[in-house]
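The values are calculated or read from the model by the stated rules, or taken from the named source; none is laboratory data. Here the structure is a predicted model, which is why all the values come from computation and not from measurement. Note that each Cβ is placed from the backbone with ideal geometry, even for glycine, and that neighbours are counted across all protein chains shown.
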Amino acid sequence: MPQSRWNLLIYRVPSQPSTQRVYVWRKLKGWGGLYLQQSVCVLPLRTELQQHLEKLKTEIIAGGGDADLLTVQIDDPEQNAMLVQRFQQQAEEEYREFLGRCQDFHKELDHERKSQNLTFAELDENEAELAKLRSWLPKIHERDLFETAGYVNAVKSLEACEQDFQTFSQQVYDAQNFNPGEDSKGTLL
C-alpha cells in the first residue's frame, strides 16, 4: 500500500541559545525527516518514528518552545508520490556524497602509492577513514525511508574501498618488511 499517512511536526524553539534549534534539526534529519519549510518537518507515519517525534515534541515544549505533532492523511496519490520522491531525492543526495568520499578514499591511497609513502602511519590514517565510511553508510541507509537504488551502489563502493585498503595494507607490509603473522624478530605468532 502506498504511503498516504504522514507525521507533520510544526515547531518553534527559542532563538537563543541556538543549541536547542540545532538539536531538533539534527534529530529530525537523523530520522530522515523532510523539511517542507523552516520548522515544518514531515515523516512517514511509522510506529518508531511516531514515538521519536512524540518524545521530541515533549522536549521542545520543556525547553520553552511550541510544537504540534499532526497525523495527516493525503488522499491524492500524486501528492503522496511527490512526497515519497522528495524523500528519495534526499537519500540519493546522501548516497552521492558517500560515493564521492569513497572516490576520495581511492585517490588518497593512489596518492600514497605514487609517493611511495607506504608507512604504518599512513595505514592507520587510512584505516580511520575507512572506519568512518563503514559507520556512515548504515546511518544513511537508516534515513533512506523509501529504499532508494543508491544503497546498492554505496555498498559496492564500500566493498571496493575495503578491497583497495587490503591491497594498500599488503603494500605497506611489504614495504616495511613486515609479516603480520610474525613478531618483529620473525617469530611466528
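Inclusion of E94 among residues that are exposed (fewer than 12 other Cβ atoms within 10 Å of the Cβ) and under 21 Å from the mean Cα position of the chain (by Cα) is not warranted. Counting the residues of the range 7-23 that are under 17 Å from L70 (Cα atoms) and either hydrophobic (A, V, I, L, M, F, W, C) or in contact (Cβ under 8 Å) with a residue 60 or more places away in the chain (or both) gives 4. The set of residues in the range 102-160 that are surrounded by fewer than 16 Cβ atoms within 10 Å (Cβ to Cβ) and among the β-branched types (V, I, T) comprises T119, V152, V155. Look at the range 159-180: where a residue is in the same structural domain as D104 (by TED's automatic domain parsing) and a partner is of a type in the set (K, R), sitting 6+ places away or on another chain with Cβ atoms under 7 Å, you get Q171/R113.
For the range 55-73, a tally of residues being surrounded by 15 or more Cβ atoms within 10 Å (Cβ to Cβ) and farther than 14 Å from L28 by Cα returns 2.
Scanning the range 5-51 for residues that are touching a Pro at 6+ places or on another chain (Cβ under 8 Å), surrounded by 14 or more Cβ atoms within 10 Å (Cβ to Cβ) and within 22 Å of E78 (Cα to Cα) yields a count of 2.
For the range 1-43, a residue qualifies if it is touching a His at 6+ places or on another chain (Cβ under 7 Å) and modelled with pLDDT under 95, but none of them does.
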